[in-house]
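Data first, discussion second: the structure below is written as structure tokens.
Just so you know, all these numbers are worked out from the coordinates, no wet-lab data involved. In this text, all values refer to a predicted model and were calculated from it rather than measured experimentally. Methodologically, a virtual Cβ is constructed for each residue, glycine included, from the backbone with ideal geometry; neighbour enumeration extends over all protein chains shown.
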Number of protein chains: 2
Amino acid sequence: MTSTASSRIPQEERTRLMRARLLDATVECLVERGFSGTSTTLVSERAGVSRGAQLHHFPTKNDLVVAAVEHLTEVRGAELAAAARRLPRGDRRTRAVVRMLGDHFSSPVFTAALELWVAARSDPALMAAVEPLEQRVGRETHRLTVELLGADESVPGVRELVQATLDLVRGLGLANTLTDDTRRRGRILDQWARTLDTALDGALHATLQETT
Amino acid sequence: MTSTASSRIPQEERTRLMRARLLDATVECLVERGFSGTSTTLVSERAGVSRGAQLHHFPTKNDLVVAAVEHLTEVRGAELAAAARRLPRGDRRTRAVVRMLGDHFSSPVFTAALELWVAARSDPALMAAVEPLEQRVGRETHRLTVELLGADESVPGVRELVQATLDLVRGLGLANTLTDDTRRRGRILDQWARTLDTALDGALHATLQETT
DNA sequence: CAACAAACAGTCAAGCCTGACTTTTAATTC
DNA sequence: GAATTAAAAGTCAGGCTTGACTGTTTGTTG
């Protein structure tokens, strides 16, 4: 054993940690400086990782950013799942669900994702990485929302209302990047929750009347 | 008169035309290449305007882009007003209104605006130009939507429903920049139009019951 | 314990974008 | 019709970003 106690960290673990630090720093830079303001130099400095080390793990900026997209996807999924677990049961469930979604789509991870979407729009290589991941996230979020709302998608119109809810929070998230919008968002989503509740009930009753 | 018939264009008009060509080219570049892909050189080439002429009108990139923001604001307003005038009267009004809004927020002008919003997020000078204009557009669009829907904002909840409609189309517009989304958008907005109609009625009835 | 491989660190040249400068062209005014 | 002034055209240097290259440290294997 030539190694001292402090250097007992296995190589594999070191690699994982180094990459994680770089990817976290990348996401931070995306939020603070935007995509084009995120230079690889800045990321390496921010992560406290040498330029050489960075280029060892991610040879080009694209490699770094694509990995950041994947990393961010995982973070978004985890955050959403965690928030979902904290939701109260019973009454006012719908309100809590849409508020949670609204908050999630107004968080820094959304901002970072937004930067990547917009950048991908004019960068085919990035788009190739972003698109499939985004579709997966979209489907998962939809599934989760349906589950949390206890909605019945076999009823006509319900699927569209859930999608509308997600597109709404996406729009609110976008508005939130320009000016802090928390209060306005709260009011809108409260009203949305009420409307959604009666609409989901209404759709159900309409279907029941048709079938009976 | 030394000038020939073809050079009879007054200086003032020439200037106006030259600026318009540059600003249109800027918006086109924003849509096709994104904000950071929009170099001043590219814009001058695209506009068929020499670099010197460009720098005469807009000394810095920021000057050009800020002017493009203002220009785009006008274009957006005009497009929306024109689309509003084409709307059918009478039945299915709500459906037509939300579809029109959905289309507008999925058009190239929205894409260009999106690029500017995201860029402004990490550029204070640009933000200073974008924010006030965006607020004005937001207010105008809201007012127009209320008018087109014939909604009564004195009824509680109605204002929020209109805002939600606008944030929804914003979210749909954002989704549309990643993948063409026309069909999905149509279904969602049709359902939302139905829901909005009953919700607006519902809000009205609820208020009537409270007051009687 | 020694040899080998992988990770890490730092430097630097090439390429691109911006905006300053100079020259040329066109319009206006006396 | 000539002088004056504004607009347009072209050129180029400075600054920034990227990623290629070389040297050093750390972990692994025989």
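Descriptive notes on the structure:
- Scattering curve values for the range A:37-104, log₁₀ I(q)/I(0), Debye with Cα scatterers, q = 0.12, 0.14, 0.15, 0.27 Å⁻¹: -0.51, -0.60, -0.63, -1.12
- Candidates A:VAL118, A:VAL169, A:VAL65: whichever shows maximal mean-square fluctuation once chain A is modelled as a Gaussian network with Cα springs under 10 Å: A:VAL118
- D (Stokes-Einstein, µm²/s), Kirkwood Cα radius, the protein assembly as shown, 0.692 mPa s at 37 °C: 137 µm²/s
- Translational diffusion coefficient of the range B:8-59 (Stokes-Einstein, Kirkwood radius from Cα pairs, 37 °C, 0.692 mPa s): 294 µm²/s.
- In the range B:110-150, the convex hull through the Cα atoms has an average projected area of 3.0 nm², a quarter of its surface area.
- Taken about its Cα centre, the range A:75-157 carries a charge dipole of roughly 400 debye when the Cβ of each Lys and Arg holds +1 and the Cβ of each Asp and Glu holds -1.
- If you take all other residues with their beta carbon under 13 Å from the beta carbon of A:THR41, and give Lys and Arg +1 and Asp and Glu -1, the sum is +3.
- Karplus 3J(HN,Hα) series, Hz, for the range A:40-50 with 6.51 cos²θ - 1.76 cosθ + 1.60 (x for Gly, Pro): 5, 4, 4, 4, 5, 4, 4, 7, x, 10, 5
- Residue with peak Gaussian network fluctuation, chain B [Cα springs, cutoff 10 Å], from B:SER107, B:SER44, B:SER122: B:SER122
- With the convex hull of the Cα atoms taken as the outline of chain A, the averaged projected area works out to 16.0 nm².
- Hypothetical label at B:ARG143: residues of the range B:61-77 whose amide nitrogen lies under 15 Å (7 Å Cα-Cβ projection): B:74, B:77
- In this label model, B:ALA53 and A:THR41 are separated by 3.7 nm, measuring between points 7 Å along each Cα→Cβ vector.
- Taken over the alpha carbons of the range A:79-150 as equal point scatterers, the Debye sum produces base-10 log I(q)/I(0) values at 0.21, 0.25, 0.26, 0.27 Å⁻¹ of -0.93, -1.14, -1.19, -1.23.
- Here the label points at A:GLU131 and A:ASP201, each 7 Å from Cα along the C-beta direction, are separated by 4.3 nm in the simple model.
- Between the range A:24-89 and the range B:131-176, the alpha-carbon centres lie 34 Å apart.
- Radius of gyration and Dmax over the Cα atoms of the range A:111-212, both given in Å: 16.8, 54
- Expected 222 nm ellipticity per residue - DSSP helices of 4 or more, -39500 (n - 2.57), all of chain B, to 500: -26500 deg cm²/dmol
- Residues in the range B:145-167 reached by a label modelled at B:GLU79 [backbone nitrogen below 20 Å; 7 Å Cα→Cβ]: B:145-146, B:148, B:165-167
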